[in-house]
Structures are given as structure tokens and as C-alpha cells.
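The values are calculated or read from the model by the stated rules, or taken from the named source; none is laboratory data. What you see is a predicted model, and the numbers here were worked out from it, not measured in a lab. All Cβ positions, even for glycine, are placed from backbone atoms using ideal geometry, and neighbour counts span all protein chains on display.
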Amino acid sequence: MKVSGIEGSKKKLPATEKKVVKEKQYKLNISSMQGVQGGKVDRGAINKHLRARSSALQKCYVAVARKNPNVKGKLVLQIKIDLAGRATARVVEDETGDARLGKCIVDKIRQWPFPKPEGKPVEFKIPFVFRAL
């Protein structure tokens, strides 16, 4: 005799009772600009600009963490903003254990217009810290 939902000694869960897998949450902290050189720029405006776009950086972290769950740590970028507000960026320190994270973040930053510096281009470092909750 067969009983619905039971085959031999294995019990099948009805579709409404499937396990819910809680996805890991990831946190990004953006520190203030360091070692500013070149023209004049409003540091608060740059920091606010980066924080306003932090969701795009967070998406980079989540995408890389899905492939490498151990990715975490500090990433420091050197960012240069030209007089038109275009940015170039490069990784100068990477303790995350996965170069894909730095590449994704550099690619995002290069796409964004930044507040324009006065006088000449401005260059600075900015640390990002990534961790899983």
C-alpha cells in the first residue's frame, strides 16, 4: 500500500513546506579619502558621491561572493579625477583574496561622473572594507 508523500522510508515535503535557505548578507564600509593631491576638490562631496553609489559597489561584492564565499577584507583604490570629472582608478592594495572584486569596482568607478576639481586634476586613495554578516 502506498501513502501519498511517502516512498519507502523517505518522506517528501509538499511544495508548500520546502526549506527556506537564508542568503548570506554582505556589508561594505567606505572610508574617507586619503592623501589628496593636485587641485581643489570638496572631500565631502566626493565621499557623498561614492556613498550614494555604494549599492552598485555592493552588487560587485555580492556577485563575487556568490562565486567565492570567502572573499572579504580591505581594498584600497587610487582614484584620479580629471578637470571634466572623469575618473580613472586602480587597485593599490587588495586583501580580499579575489581580484575580480577590485576589477568590478574599478570598472564601476570609471563609468561615473565625479564632481569636477578646481585648478588641476585631483588624485587620492580610498579604502573599502568588505565583510560577510
- request: Look at segment 83-103 and say how many of its residues are touching a helix residue (DSSP H, G or I) at 6+ places or on another chain (Cβ under 7 Å), farther than 19 Å from Ile46 by Cβ and surrounded by fewer than 18 Cβ atoms within 10 Å (Cβ to Cβ).
  value: 2
task: Please work out if Asp82 is among the acidic types (Asp, Glu) and under 20 Å from Leu133 (Cα atoms).
output: no
message: Kindly evaluate Lys80 against the criterion of being surrounded by 14 or more Cβ atoms within 10 Å (Cβ to Cβ), of a type in the set (Lys, Arg) and touching a residue at least 12 places away in the same chain (Cβ under 8 Å).
response: yes
- prompt: Just to be sure, is Ala45 over 25 Å from Ala99 (Cβ atoms), in a helix (DSSP H, G or I) and of a type outside the set (Lys, Arg)?
  reply: yes
message: Suppose the filter is surrounded by 12 or more Cβ atoms within 10 Å (Cβ to Cβ), modelled with pLDDT under 90 and not basic (Lys, Arg); does Tyr61 pass it?
response: no
- line: Over segment 104-119, the set of residues touching a residue at least 12 places away in the same chain (Cβ under 8 Å), in a helix (DSSP H, G or I) and out of contact with any Phe, Trp or Tyr (no Cβ under 9 Å at 6 or more places or on another chain) is Val106, Lys108, Ile109, Arg110
query: Being modelled with pLDDT of 90 or more, surrounded by 10 or more Cβ atoms within 10 Å (Cβ to Cβ) and not in a strand (DSSP E or B), is that true of even one residue in segment 28-42?
result: yes
query: So which of Val92, Val122 is touching a strand residue (DSSP E or B) at 6+ places or on another chain (Cβ under 9 Å), in contact (Cβ under 8 Å) with a residue 12 or more places away in the chain and either more than 29 Å from Lys24 (Cβ to Cβ) or basic (Lys, Arg) (or both)?
result: Val122
